[in-house]
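The values are calculated or read from the model by the stated rules, or taken from the named source; none is laboratory data. Please read all numbers here as calculations on a predicted model, not as lab measurements. Note that we place each Cβ from the backbone using ideal geometry, even for glycine, and neighbour counts take in every protein chain shown.
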Amino acid sequence: MAKIRVKTPLVELDGDEMTRIIWAWIKEKLILPHVDVELKYFDLGIQARDATEDRVTVEAAHAIREYGVGVKCATITPDAERVAEYGLKKAWPSPNGQIRSILDGTVFRKPILVSNIRPAVRSWKKPIVVGRHAYGDLYRGVELAVDRPGRVAAPLRPATAGPPPASGRPQAASSSARSRSTRSASRSSSFATSSGPTAAATANTGAARARSSRCGSRSPNPRSRTRQATGCGTGRAASSAARTAHRTITGCARPTVRSGC
């Protein structure tokens with residue numbers, strides 16, 4: 001059977017430890033016997049990166065940009081322990097982060113589903129692809145070993161002299177505080193206005209009783225006043241509260257209040 005001819009070369013980025021062995025088997029058994037493809041090989045193993053001052057990583061990224069496609073194996077991002085283990089010159093940055101930065105790319109994680117291995121989530125029937133915008137964080141961080149006590153400072157030196165501009169965060173915060181004060185005053189005023197008629201009715205109950213013999217009325221029902229004060233009932237009871245207060249203050253006879261309690 002004739003091999004499948006691939007016109008565009010494939011950029012091959014070798015990796016570290018077991019991935020080197022597994023990728024070699026994949027090429028030998030699954031790819032090269034069936035596919036006629038030119039491979040542009042770059043060794044991104046930690047020793048090769050250390051020997052080339054990490055230039056090989058940059059060259060591999062530019063090769064992917066030129067040919068449009070590449071296959072990368074897993075690589076080691078060395079920490080202090082790995083530096084000592086492999087005898088490296090320094091802790092070289094993540095190859096993945098460098099390649100993404102040069103290509104301005106995004107990481108997509110796509111699982112491989114096998115029919116005879118059921119996932120833990122039984123309803124998971126199709127692959128879930130995750131686009132990860134890996135930037136900054138570990139890939140831009142710099143480790144610093146401090147060997148003696150000291151003080152850490154982050155000074156800010158303005159480019160121009162003089163007082164800070166009038167507009168800015170402090171002014172916005174002051175405006176926000178004034179807004180909260182206005183809203184609080186509005187709520188207090190609203191409460192005083194709504195509770196005014198009921199308070200007036202309560203204060204003038206004695207005067208209403210005194211006038212009851214003159215105008216033949218009876219004092220308001222205490223239960224009705226309680227319902228008015230708590231706001232219980234319908235809108236009709238609220239308006240009746242205002243009429244009750246008015247009749248009590250002016251001495252009108254027999255104020256009637258109906259509540260929906």
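Worth pointing out:
- For the range 43-82, the tally of residues that are in a loop (DSSP other than H, G, I, E, B) and of a type in the set (D, E, K, R) stands at 3.
- Test: residue in the range 18-31 that is touching a helix residue (DSSP H, G or I) at 6+ places or on another chain (Cβ under 7 Å), surrounded by 16 or more Cβ atoms within 10 Å (Cβ to Cβ) and modelled with pLDDT of 90 or more: no
- With respect to (1) of a type in the set (Val, Ile, Thr); (2) at pLDDT 90 or above; (3) more than 22 Å from MET18 (Cα to Cα), the lone exception for ILE99 is condition (3).
- The range 83-109 - residue that is in a helix (DSSP H, G or I) and in contact with a helix residue (DSSP H, G or I) (Cβ under 7 Å, 6 or more places away or on another chain) and, of those, farthest from VAL56 (Cα to Cα): TYR86
- Single residue of the range 93-116 satisfying the filter (surrounded by 10 or more Cβ atoms within 10 Å (Cβ to Cβ) and among the hydrophobic types (A, V, I, L, M, F, W, C)) that is farthest from GLY45 (Cα to Cα): LEU113
- Taking the criterion of being under 10 Å from CYS73 (Cβ atoms) and assigned to a loop (DSSP other than H, G, I, E, B), the residues of the range 1-42 that qualify are GLY15, ASP16, GLU17.
- ILE46 in the same structural domain as LYS72 (by TED's automatic domain parsing), of a type in the set (A, V, I, L, M) and surrounded by fewer than 17 Cβ atoms within 10 Å (Cβ to Cβ): no
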